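Please treat every number below as a calculation from the coordinates, not as lab data. None of these values were measured; they are calculated from a predicted model. Positions of Cβ are generated from backbone atoms using ideal geometry, with glycine treated the same way; all protein chains shown enter the neighbour counts.
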Amino acid sequence: MFPLNQWYVAGFTWELGDQPLARRLLDQPIVMFRAADGTVAALEDRCCHRSVPLSCGMLDAGGIRCGYHGLLYAANGQCIEIPGQLKIPGKAKVRAYTAQIRDEVIWIWFGVDAASMPDCAPPPVPAHSNPRYRYKGGAFHYNAPYQLIHDNLLDLSHVGYVHGKTIGGNAKTHMEAPTTVTSEGDSVRVVRWMKNSQPPATYSAAWPFKGAIDRWQEIDFLGSHLQIFTGAVDAGTDALDDPQRGGFHMRGFHGITPETATTSHYFWTMASSSHPDQPDNLELVYRQTEATFEEDRVIIEAQYSNMRQFDGAPMIDIHVDAGANRARRVIALRVAEQSQAAQPALAAG
């Protein structure tokens, strides 16, 4: 159902407090917490005694204690204490997932089976450690499949219609923007330029543009997440393909993780640059980004509701769908390869 043998976003470090953090990820109930050494632990959310969710319990001594009968589990899933009982059965354990923190993002490795181990480090989020930017983020829950969110992020032509009060701008300019779509391996890249256009509300509020702007959108689909670099310079001042260009930058991180086949988690951050005359724009950018993503959630959930209502009704593609269609082919190929690889094992079993 989902591409496996890869890292998925499970949350952010600031969510790891003094209470267990429970989420269903790829249809697996998981509980997360800080281990004694400061790393993140991720266990199946089930006590092996009577199946009460461990997330109903409490954090204790670097582990998690079941809230029903007090069994204490270490970060590796092994039960290390049973109140009132000295001998701990060897089978008193639950599944532990490989979890790591990188750039304040919590990543969990989902393999084709419980024994599958990571073959690479979790992906970086360069903007989180870049001193040029400050960032802030959050999470949304969607009553819609995760690939509909991919579609939305890979096709930013919609922003002129959906986000008119924030990052939108002229809808016609967005629909007619010169666009290039490339792909390599499991990644897809979409680049769009909108030269000599009017700055949208968010840009004008965050940066003192002098008039018309040259605007760019660079979208990188990377399987489990997307990184999107958008921004603008005063028209005619910098080349849009210059990696050192100035102006207003917004670097978005978008971790799209399936909850189930029909619901999703959307973990996001927005990092932005600031002008010396407007150095304190972080909260403004965060609030307007949050409002923008809420508009996306509303329309995507309405889209999915209508797709179910008109189940089987044909849909056409238009020119703005090229990036989204390539990403869907990447995922379909990964899932098909997994299915084919599983057939010999099933036959042998």
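Put +1 on the Cβ of each Lys and Arg and -1 on the Cβ of each Asp and Glu in the chain; which of Pro243, Ile149, Leu21 then has its Cα farthest toward the positive end of the dipole?
Leu21
Calculate for the chain the 222 nm mean residue ellipticity that helices alone would give, adding -39,500 (n - 2.57) per DSSP H run of length 4 or more and normalising by residue count, nearest 500 deg cm²/dmol. Please report the intermediate quantities before stating the final value.
Numbers: 7 runs with 83 residues, N = 349.
Result for the chain: -7500 deg cm²/dmol, rounded to the nearest 500.
Please compute P(r) over all alpha-carbon pairs of the range 1-156, binned at 5 Å starting from zero, and give each bin as a whole-number percent.
Over the range 1-156, the share of Cα pairs per 5 Å bin runs 2, 8, 16, 19, 19, 16, 10, 6, 3, 2, 1, 0, 0 percent.
Could you give log10 I(q)/I(0) at q = 0.15 Å⁻¹ for the range 126-332, computed by the Debye formula over C-alpha point scatterers of equal weight, without solvent?
Those come out to -0.96, one per q.
Give me the dipole magnitude in Debye, nearest 20, for the range 6-110 about the Cα centre, with unit charges on the beta carbon: positive for Lys and Arg, negative for Asp and Glu. Before the final figure, lay out each step's value.
Numbers: 11 positive and 10 negative charges, 98 e Å.
Dipole of the range 6-110, to the nearest 20 debye: 460 debye.
For the chain, what relative contact order do you get, as a whole percent, if you take Cα pairs closer than 8 Å and at least 6 residues apart? Walk me through the intermediate numbers first.
On the way: 704 pairs, mean separation 60.8, N = 349.
Here the relative contact order equals 17 percent.
Evaluated at 10 °C with a viscosity of 1.306 mPa s, what Stokes-Einstein diffusion coefficient in µm²/s does the range 165-265 have when Rh comes from the Kirkwood expression over alpha-carbon pairs?
Values: Rh = 14.8 Å.
Answer from the Stokes-Einstein relation: 107 µm²/s.
Over the range 214-294, what is the mean sequence separation of C-alpha contacts under 8 Å (at least six apart), divided by residue count, expressed as relative contact order in percent?
Values: 120 pairs, mean separation 17.2, N = 81.
For the range 214-294, the relative contact order is 21 percent.
Can you grab the distance from the C-alpha centre of the range 249-326 to the C-alpha centre of the range 87-152, Å, no decimals?
That distance is 19 Å.
Can you count the Lys pairs in the chain with C-alpha separation below 30 Å, eight or more apart or on different chains?
Numbers: Lys136/Lys165; Lys136/Lys195; Lys136/Lys210; Lys165/Lys195; Lys165/Lys210; Lys172/Lys195; Lys172/Lys210; Lys195/Lys210.
Number of lysine pairs found: 8.
If we count every other residue with Cβ under 12 angstrom of Pro29's Cβ, Lys/Arg +1 and Asp/Glu -1, where does the sum land?
On the way: positive: Arg23, Arg24, Arg46, Arg95; negative: Asp27, Glu44, Asp45, Glu259.
My count for the surroundings of Pro29 gives 0.
Within the chain, which whole H helices from DSSP have a Cα span along their axis of at least 15 Å and a mean Kyte-Doolittle hydropathy of 1.6 or more, if any? Write down the numbers at each step before the final one.
Details: long enough: 282-309 (40 Å, -0.71); 322-348 (40 Å, 0.01).
For the chain, where a helix must reach 15 Å along its axis and average at least 1.6, there are no hits.
Dipole size in debye (nearest 20) for the chain around its Cα centre, Lys and Arg Cβ +1, Asp and Glu Cβ -1?
Numbers: 30 positive and 37 negative charges, 128 e Å.
For the chain, the charge dipole is close to 620 debye.
Give the residue list of trypsin sites (Lys or Arg not before Pro) in the range 198-276 that are DSSP loop and have at most 16 other beta-carbon atoms within 10 angstrom.
Details: sites: Lys210, Arg215, Arg245, Arg251; in loops: Lys210, Arg245.
Here the sparse-neighbourhood loop sites are Lys210, Arg245.
For the range 215-349, give the magnitude of the charge dipole about the Cα centre (Cβ charges: +1 Lys/Arg, -1 Asp/Glu; no others), in debye to the nearest 20. Display every interim value, and only then the final one.
Values: 10 positive and 19 negative charges, 119 e Å.
The dipole of the range 215-349 has a size of about 580 debye.
For a quick protection proxy, order the peptides 95-104, 310-319 by their average other-Cβ count within 10 Å, most packed first.
On the way: 95-104: 17.1, 310-319: 7.5.
Highest-to-lowest ranking by the protection proxy: 95-104, 310-319.
Farthest toward the dipole's positive end in the range 261-349, which of Pro314, Tyr286, Ser273, given Cβ charges of +1 (Lys, Arg) and -1 (Asp, Glu) about the Cα centre?
Selected residue: Pro314.
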